[in-house]
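The values are calculated or read from the model by the stated rules, or taken from the named source; none is laboratory data. Not measured: the values here are computed from a predicted model. Cβ placement follows ideal geometry from the backbone for every residue including glycine, while neighbour counts extend to all protein chains displayed.
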């Protein structure tokens, strides 16, 4: 079974390096979500590109996403449930808190352009992408997610703890894992916690 790792805003695929090093036996794909093609960088464009990328997957996927990546993971499972074997959602929101997005965009506007070079996209692209998710709300569609779902959140990730707990109650096959002493970016701070869940997934499907 192929496992797809979707990074968060402000990250690149390389931020999964600590996780992938711990699960060498798994079939892993880490797409770069913010590759600039000259088109406007908005949520719907990235979502459509992911759908095209995995349209011909030979078997259902395990999709693991952090923050923004978790939004894409949920969206994919809602729209294409037959293509998803399991989900791992890290620091996830299912209804975007607009105040947080507005504060985040204010922070982005104050940052120098050079700070965005590592992502391979421009400052205006990042601001536009954040603005494009401002109205996302998956609440009416969560009942379509029927696959086993692991929800991870760092103990110090105060902005996402409440939503993670709520999501674990709203999804019928969800389990909640609070990672002690960790913050939001678990792929950087606690890769072992993610790898443990991923290995369990890989082993379960290998023996199924």
Restricting attention to segment 149-196, the residues that are touching a residue at least 40 places away in the same chain (Cβ under 8 Å) and over 22 Å from residue 100 (Cβ atoms) number exactly 7
Residue hits (segment 1-27; without any contact (Cβ under 8 Å) to a residue 40 or more places away in the chain and surrounded by 16 or more Cβ atoms within 10 Å (Cβ to Cβ)) are 13, 20
For segment 47-61, indicate whether the set of residues that are touching a strand residue (DSSP E or B) at 6+ places or on another chain (Cβ under 7 Å), over 18 Å from residue 128 (Cβ atoms), in contact (Cβ under 8 Å) with a residue 12 or more places away in the chain and surrounded by 21 or more Cβ atoms within 10 Å (Cβ to Cβ) is non-empty. yes
Within segment 9-27, restricting to residues that are at pLDDT below 95 and in contact with a strand residue (DSSP E or B) (Cβ under 7 Å, 6 or more places away or on another chain), the one that is farthest from residue 61 (Cα to Cα) is 26
Which listed residue is surrounded by fewer than 12 Cβ atoms within 10 Å (Cβ to Cβ) and more than 17 Å from residue 130 (Cβ to Cβ), from 85, 114: 114
Check whether at least one residue in segment 93-110 is in contact with a helix residue (DSSP H, G or I) (Cβ under 8 Å, 6 or more places away or on another chain), surrounded by 15 or more Cβ atoms within 10 Å (Cβ to Cβ), modelled with pLDDT of 95 or more and over 22 Å from residue 184 (Cα atoms), and report yes or no. no
Looking only at segment 168-179, which residues are surrounded by 14 or more Cβ atoms within 10 Å (Cβ to Cβ) and out of contact with any helix residue (DSSP H, G or I) (no Cβ under 8 Å at 6 or more places or on another chain)? 168
Name the residue, out of 163, 182, 150, that is modelled with pLDDT of 95 or more, more than 17 Å from residue 63 (Cβ to Cβ), buried (at least 18 other Cβ atoms within 10 Å of the Cβ) and touching a strand residue (DSSP E or B) at 6+ places or on another chain (Cβ under 6 Å). 182
Which residues, counting only those in segment 1-33, are within 13 Å of the chain's Cα centre (by Cα), over 17 Å from residue 136 (Cβ atoms) and assigned to a loop (DSSP other than H, G, I, E, B)? 7, 10, 11, 12, 30, 31, 32
If I ask for residues that are loosely packed, with under 14 Cβ neighbours inside 10 Å and at pLDDT below 95, which ones from segment 117-142 would you list? 117, 118, 120, 135
Check segment 61-84 and report whether any residue there is in a loop (DSSP other than H, G, I, E, B) and farther than 18 Å from residue 8 by Cβ. yes
